[in-house]
Each structure stands twice: as C-alpha cells, then as structure tokens.
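Student: My questions will all concern the structure given below.
Taken together, the values in this text are just the output of simple stated rules run on the coordinates, not laboratory data. Note that this is a predicted model, so its numbers are computed, not measured. Virtual Cβ from ideal backbone geometry, glycine too; neighbours counted across all protein chains shown.
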Amino acid sequence: MATEYDAVVFDNDGVLTTPTDRAVLVDAMHDAFADVGVTDPPDDHVRTLMGPNVDSLHDISDAYDVDPHDLWTAREYAAIEAQLEEIEAGRKRLYDDIDTLADLEVATAIVSNNQHETIGNIVDHYDLDWFDSWYGREPTVQGIDRKKPTPYYLDLALEELETENALYVGDSWVDIQAAEAAGIDVAFIRRAHREGYELERAPTYEIGGLDAIPELV
C-alpha cells in the first residue's frame with residue numbers, strides 16, 4: 001500500500017553503491033598514519049582510525065604525539081583518494097536496481113556517513129545529478145560527531161527538500177536510529193552483505209532491493 005511520501009532519502013554505501021572493500025580502507029589508514037610520521041601502527045589503532053569517536057581519535061593521536069586534526073585530515077583524504085580509485089576502476093559500483101529510482105515522482109537525496117567529497121565523486125562519475133540533493137560527512141573532527149545515528153546531515157537534507165513526509169532508505173542500525181531521530185519512516189534494505197544482520201529496532205519496512213521503492217511511494 002503506497003504512502004504519501006513526498007521525498008525519499010538514501011544512504012549510499014550498501015544501498016546505492018557497493019561497500020568499499022575493507023582492505024582498501026585499511027591500506028588508506030596506513031597511508032594516513034604515514035602522512036603524519038607514524039610507521040607500523042598496531043592493528044587496534046588502525047581499526048580505531050577506521051571509525052573513531054572524538055575521544056578515541058584523541059587517544060591514538062596522543063599515543064604518537066600528533067595533532068588529532070592533522071591525523072583526521074590525513075585519514076579523510078586518504079580514504080577519499082582510495083575510494084576514488086575504486087570508483088574509477090569499477091570496483092565500487094552502482095547496484096543494478098538503482099535505475100528504478102530515476103523516474104520517481106518525488107524529491108530524492110543522498111545522506112551518507114562517507115565523506116561529502118566521496119559522495120560528490122560518485123554523483124559525478126555515475127551521472128547521478130538527477131538526485132535533488134546530497135550530503136556526506138565533512139572531513140573535520142566536528143564531522144565525526146555529526147555522522148549517523150545523529151540526524152544532523154539528514155535534517156539538512158530534509159530541510160533543503162522542504163519535505164513534509166519523507167522516507168529514509170538505509171542498510172544499518174545507524175540509519176534506522178537517524179531516521180527515528182529525524183521523525184521519519186525508514187526502509188531497511190537487506191542486500192547480500194547484510195545477510196544475517198540483526199536489528200535491535202524494527203524499521204518501518206524491510207526490502208530486498210531498490211525496486212521496492214516505487215511501490216512504497
């Protein structure tokens with residue numbers, strides 16, 4: 001049964017494009033450490049830099065006596081560059097069912113925890129300029145606190161779209177929580193990489209692909 005949504009907002013990684021290979025991001029973290037003069041960081045510090053909160057970023061920066069802003073800037077631009085290589089090589093690709101979205105008769109946007117520049121690279125490379133708006137995370141320490149499940153970027157997109165009843169489409173628990181915090185419905189897309197992925201909170205819908213979206217709007 002269709003609901004009167006006037007906008008649909010999409011997460012990117014695992015929803016519109018395939019997730020970036022973890023090994024690629026691990027290599028990017030090593031590049032970031034090297035950029036600030038740290039060689040052979042232990043695995044736990046590499047894992048932390050993949051997805052830190054502000055406190056853990058400061059902890060690993062203190063361990064090497066480096067400025068956390070310098071380390072985070074190096075981390076972000078290493079990740080941006082590595083992912084651009086994956087995009088241009090066709091390894092980070094669009095899912096085939098994205099074509100079902102191009103003719104939606106409602107506003108559309110992208111809101112991702114990935115860097116804003118990475119989302120821009122995806123939009124440019126794959127000619128996704130038919131999306132009305134897109135937001136990624138700014139490459140600053142402040143951006144860490146603004147990523148989902150905080151609805152900061154989602155709220156910006158909703159405001160820009162001037163929507164009264166939007167649907168958010170994501171593939172993780174942070175997407176569900178961000179949508180709840182923003183006061184909108186959420187569709188969880190269970191692609192192959194989410195097989196067996198358990199959710200603590202039930203989404204409004206659970207779908208198998210983007211081809212289900214036209215039926216919801």
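Student: Considering segment 99-153 alone, what residues qualify as being of a type in the set (Val, Ile, Thr), more than 25 Å from Glu180 (Cα to Cα) and crowded, with 19+ Cβ neighbours inside 10 Å?
Tutor: Of everything in segment 99-153, those that are of a type in the set (Val, Ile, Thr), more than 25 Å from Glu180 (Cα to Cα) and crowded, with 19+ Cβ neighbours inside 10 Å turn out to be Thr118, Ile122.
Student: Take the residues of segment 162-180 that are hydrophobic (A, V, I, L, M, F, W, C) and within 19 Å of Trp134 (Cα to Cα): which is surrounded by the fewest Cβ atoms within 10 Å (Cβ to Cβ)?
Tutor: Val174
Student: Also: Filter segment 68-92 down to the residues that are in contact (Cβ under 8 Å) with a residue 24 or more places away in the chain and among the aliphatic types (A, V, I, L, M), then identify the one that is farthest from Asp211 (Cα to Cα).
Tutor: That would be Leu71.
Student: When you go through (1) more than 15 Å from the chain's Cα centre (by Cα); (2) aromatic (Phe, Trp, Tyr); (3) closer than 21 Å to Tyr77 by Cβ one by one for Trp130, which number turns out not to apply?
Tutor: The failed condition is (3).
Student: Residue check: is Asp65 at positive phi, more than 18 Å from the chain's Cα centre (by Cα), exposed (fewer than 13 other Cβ atoms within 10 Å of the Cβ) and free of Cβ contacts under 8 Å to residues at least 12 places away in the same chain?
Tutor: yes
Student: Just the residues that are under 24 Å from Pro19 (Cα atoms), touching a residue at least 12 places away in the same chain (Cβ under 8 Å) and assigned to a helix (DSSP H, G or I), please, taken from segment 157-192.
Tutor: Ala157, Trp173, Val174, Asp175, Ile176, Gln177, Ala178, Ala179, Glu180
Student: In segment 93-124, how many residues are within 17 Å of the chain's Cα centre (by Cα), in a helix (DSSP H, G or I), over 19 Å from Trp72 (Cα atoms) and in contact (Cβ under 8 Å) with a residue 12 or more places away in the chain?
Tutor: 5
Each row is one residue, and each column tells you yes or no for (1) of a type in the set (A, V, I, L, M); (2) closer than 15 Å to Gln115 by Cβ; (3) assigned to a loop (DSSP other than H, G, I, E, B).
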site: Asp44; (1), (2), (3): no, no, no
site: Asp55; (1), (2), (3): no, no, no
site: Thr73; (1), (2), (3): no, yes, no
site: Ile80; (1), (2), (3): yes, yes, no
site: Gln83; (1), (2), (3): no, yes, no
site: Arg91; (1), (2), (3): no, no, yes
